[in-house]
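Reviewing the structure listed below.
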């Protein structure tokens, strides 16, 4: 994906941290009230993920297409109580693409990013404070105070436990709706490895109607994250 495409997608989604909460590890505890999900960190731990994004702008056979293909490494650089200092770095799969500069952030045991009221973006989400049962839902509302004041709401549902490639995982479904500078809709799923709580896989499909040169344009983006 060229730099123009990257800049457009970043402005469309309004975040540089869309994947962070979903990448962090978690711990699952069974209680009388349901399943309690918490993030548990150990200094020096690291996870490598294959992140693939496909983008189509417009409709029809001639609609421009783009995307990116990278390996994202998440490393625990230090601990502060129950929170962790995480470093995220990207390495492109294709040699002609530039690597993304690594950056750090502080995340608490619920996956909330310091400086953000909920932590989480289109793919990731902050975990619920209380135990959840299969079928339970909760909402996350994001607002930007600039320009058209974008409002995005994610409805997250705990679906239960399933198996992917012989690995037992906990599944969360996400429904996204947004308005403001664009009209955004989407669906996705996040799978956590129940043996250690780390992200095993996630998929997200988004459709946005944006204004380009005074005309509405349909943009479709599909993102898949897989633990290597």
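Below are the figures for this structure:
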| quantity | calculated |
| --- | --- |
| Only listed residue being at pLDDT 90 or above and either in a loop (DSSP other than H, G, I, E, B) or on the phi > 0 side of the Ramachandran plot (or both), chosen from 147, 197, 160 | 160 |
| Count - residues of region 104-127 that are at pLDDT 80 or above and surrounded by fewer than 17 Cβ atoms within 10 Å (Cβ to Cβ) | 2 |
| Residues within region 60-80 that are surrounded by fewer than 17 Cβ atoms within 10 Å (Cβ to Cβ) and over 30 Å from residue 157 (Cβ atoms), tallied | 10 |
| Selection count where residues are under 25 Å from residue 204 (Cβ atoms) and in a loop (DSSP other than H, G, I, E, B), scope region 27-60 | 7 |
| Pick from region 128-144, criterion assigned to a strand (DSSP E or B) and exposed (fewer than 15 other Cβ atoms within 10 Å of the Cβ), ranking: modelled with the lowest pLDDT | 143 |
| Candidates 180, 188, filtered to the one that is buried (at least 21 other Cβ atoms within 10 Å of the Cβ) and within 30 Å of residue 217 (Cβ to Cβ) | 188 |
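The values are calculated or read from the model by the stated rules, or taken from the named source; none is laboratory data. What you see is a predicted model; the values in this text were computed from it and never measured. All Cβ positions, glycine included, derive from the backbone under ideal geometry; neighbour counts span all protein chains shown.
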